[in-house]
Ligand code: SF4
């Protein structure tokens with residue numbers, strides 16, 4: 001059996017930074033994370049064992065406590081509400097996401113902003129909050145006409161396009177082309193803000209899936225970047241499994257002649273990747 005492990009498998013720099021900082025402070029008491037720290041239940045459980053609590057809304061946090069803002073980022077309103085409640089903010093927004101927030105804040109003075117991404121994804125909700133009223137989220141081609149109708153009601157003549165950092169590179173290019181065509185009367189500025197780590201991971205998984213007999217994609221079920229890795233692999237490889245932990249492969253029978261590719265999403269700790277590799281090699285994690 002030949003095993004290939006993606007060089008880009010596992011935590012990206014932004015998630016690693018955020019999880020390490022959260023680990024460092026989680027035992028200090030009265031530490032609340034707004035939303036799941038990452039889309040990975042093991043990581044969240046480890047932090048919670050240390051004392052950190054996960055909440056869905058700011059309202060659940062007692063006044064005067066500490067709130068952790070995750071790597072995905074938050075809209076401006078969250079900062080305002082947290083301050084009103086007298087919460088201490090530990091802002092772990094990934095620096096790459098912060099750059100996008102600054103870009104759209106600057107551009108909104110004279111541009112209509114189009115944000116390419118998944119509508120209910122936390123990062124997109126955050127970026128959209130910074131982009132303000134004159135903006136629209138484009139998830140599929142069908143959204144472009146509605147975005148145009150909204151744009152027409154403004155007196156703006158410039159469009160600024162950004163992306164969710166973990167969006168599919170190919171899909172972004174296709175949507176950006178459609179936008180150029182549909183907004184042909186406006187000046188369209190395309191800023192492909194997909195994170196390098198995402199692009200490298202998608203390129204690598206494409207190559208691996210073409211070579212592999214079986215692909216194992218490790219990541220949380222709610223992780224959109226993991227889902228994309230699964231979709232890319234499925235287009236290029238006959239047998240693809242989406243797994244969260246090593247336990248998920250224990251009932252799979254692999255052919256000893258199989259070439260197996262392992263890739264993991266940005267919210268998967270490296271030790272899970274190692275456990276999967278070790279199980280394939282030695283029959284135990
Ligand atoms: S994928 Fe990129 S932008 Fe998103 S958290 Fe990771 S490093 Fe930051």
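The values are calculated or read from the model by the stated rules, or taken from the named source; none is laboratory data. Keep in mind that this is a model prediction, so the values were computed, not measured. When we count neighbours, we look across all protein chains shown, and the Cβ atoms used for this are built from the backbone with ideal geometry, even at glycine.
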For segment 177-214, enumerate the residues that are closer than 20 Å to residue 104 by Cβ and within 16 Å of the ligand (Cβ to nearest atom). 191, 192, 193, 194, 195, 196, 198
Could you run through segment 191-208 and say how many residues are crowded, with 19+ Cβ neighbours inside 10 Å, within 21 Å of residue 162 (Cα to Cα) and in contact with a strand residue (DSSP E or B) (Cβ under 8 Å, 6 or more places away or on another chain)? 3
If you go through segment 158-166 one residue at a time, do you hit one that is in contact with a helix residue (DSSP H, G or I) (Cβ under 8 Å, 6 or more places away or on another chain), part of a strand (DSSP E or B), within 16 Å of the ligand (Cβ to nearest atom) and under 30 Å from residue 242 (Cα atoms)? yes
Out of the residues in segment 261-282 that are outside any helix (DSSP H, G or I) and within 16 Å of the ligand (Cβ to nearest atom), which is nearest to residue 1 (Cα to Cα)? 263
Quick check on residue 137: is it surrounded by 23 or more Cβ atoms within 10 Å (Cβ to Cβ) and either at positive phi or part of a strand (DSSP E or B) (or both)? no
Pair list, Cβ under 7 Å, 6 or more apart: segment 32-52 residue in the same structural domain as residue 85 (by TED's automatic domain parsing) and within 15 Å of residue 66 (Cβ to Cβ), other residue at pLDDT below 90 and part of a loop (DSSP other than H, G, I, E, B): 51/29
When restricted to 222, 257, 200, the only residue out of contact with any helix residue (DSSP H, G or I) (no Cβ under 6 Å at 6 or more places or on another chain) and part of a helix (DSSP H, G or I) is 200
Residue 211 crowded, with 17+ Cβ neighbours inside 10 Å and either assigned by TED's automatic domain parsing to the domain that holds residue 244 or on the phi > 0 side of the Ramachandran plot (or both): no
So how many residues does segment 111-131 have that are in a loop (DSSP other than H, G, I, E, B) and in contact with a strand residue (DSSP E or B) (Cβ under 7 Å, 6 or more places away or on another chain)? 3
Of residues in segment 74-90 being in contact with a strand residue (DSSP E or B) (Cβ under 9 Å, 6 or more places away or on another chain) and either surrounded by 17 or more Cβ atoms within 10 Å (Cβ to Cβ) or touching a residue at least 40 places away in the same chain (Cβ under 8 Å) (or both), the one nearest to residue 28 (Cα to Cα): 90
Residue 170 vs. criteria surrounded by fewer than 20 Cβ atoms within 10 Å (Cβ to Cβ) and either closer than 30 Å to residue 264 by Cβ or modelled with pLDDT under 95 (or both): yes
The residue that is nearest to residue 91 (Cα to Cα), considering only those in segment 1-20 that are surrounded by fewer than 15 Cβ atoms within 10 Å (Cβ to Cβ) and in contact with a strand residue (DSSP E or B) (Cβ under 7 Å, 6 or more places away or on another chain), is 2
